[in-house]
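Read the figures in this text as sums done on the coordinates, not as results from a lab. Being a predicted model, the structure only gives us computed values, none of them experimental. Heads up, the Cβs are rebuilt from the backbone with ideal geometry, glycines too, and the neighbour counts pull from every protein chain shown.
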Amino acid sequence: MLAPPSLTVLNFLSRRSVVGTNTGWGTNPNPAQIASIAALVGAFSLASGSADSAVVVNLPAGAYTAEISGVNNTTGVALAELYEVP
């Protein structure tokens, strides 16, 4: 397990510009929205204070990629889940 993970969402065609990033989902300015959307789409629940990373981004049509890395160059295994909320 990769701990703690850092999540970055990049616009792949726009010189890989960052469109969202997070380390520790509760540190986002919108943790209640993230928890609500996770429940809405059936994602696993995020425990308060957990190191899980999550972002909510509005993406126009295009090519994007998500990168997960370890904070301070830690290594391990990570799982990325992506959901579209209509």
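Just flag the chymotrypsin sites (Phe, Trp or Tyr not before Pro) in segment 21-86 sitting in loop per DSSP whose Cβ has no more than 12 other Cβ atoms within 10 Å. Intermediate results must be reported in sequence, preceding the final value.
Working: sites: TRP25, PHE44, TYR64, TYR83; in loops: PHE44, TYR83.
Passing both the DSSP loop test and the Cβ count: PHE44, TYR83.
Give me the percent relative contact order of the chain, please, defined on Cα pairs under 8 angstrom at least 6 residues apart.
Details: 136 pairs, mean separation 37.5, N = 86.
For the chain, the relative contact order is 44 percent.
Taking θ = phi - 60°, what integer Hz values does the Karplus form 6.51 cos²θ - 1.76 cosθ + 1.60 yield along segment 52-65, in sequence order, with x for Gly and Pro?
4, 9, 7, 9, 10, 9, 9, 10, x, 3, x, 10, 10, 9
Quickly estimate the mean residue ellipticity at 222 nm for the chain, helices only: each DSSP H run with n ≥ 4 gives -39500 (n - 2.57), and the total goes over all residues, rounded to 500. Walk me through the intermediate numbers first.
Values: 1 runs with 11 residues, N = 86.
Rounded to the nearest 500, it is -4000 deg cm²/dmol.
Compare the peptides 6-14, 29-37, 68-76 by average per-residue count of other Cβ atoms within 10 angstrom and give them in order, highest first.
Highest to lowest by the protection proxy: 6-14, 29-37, 68-76.
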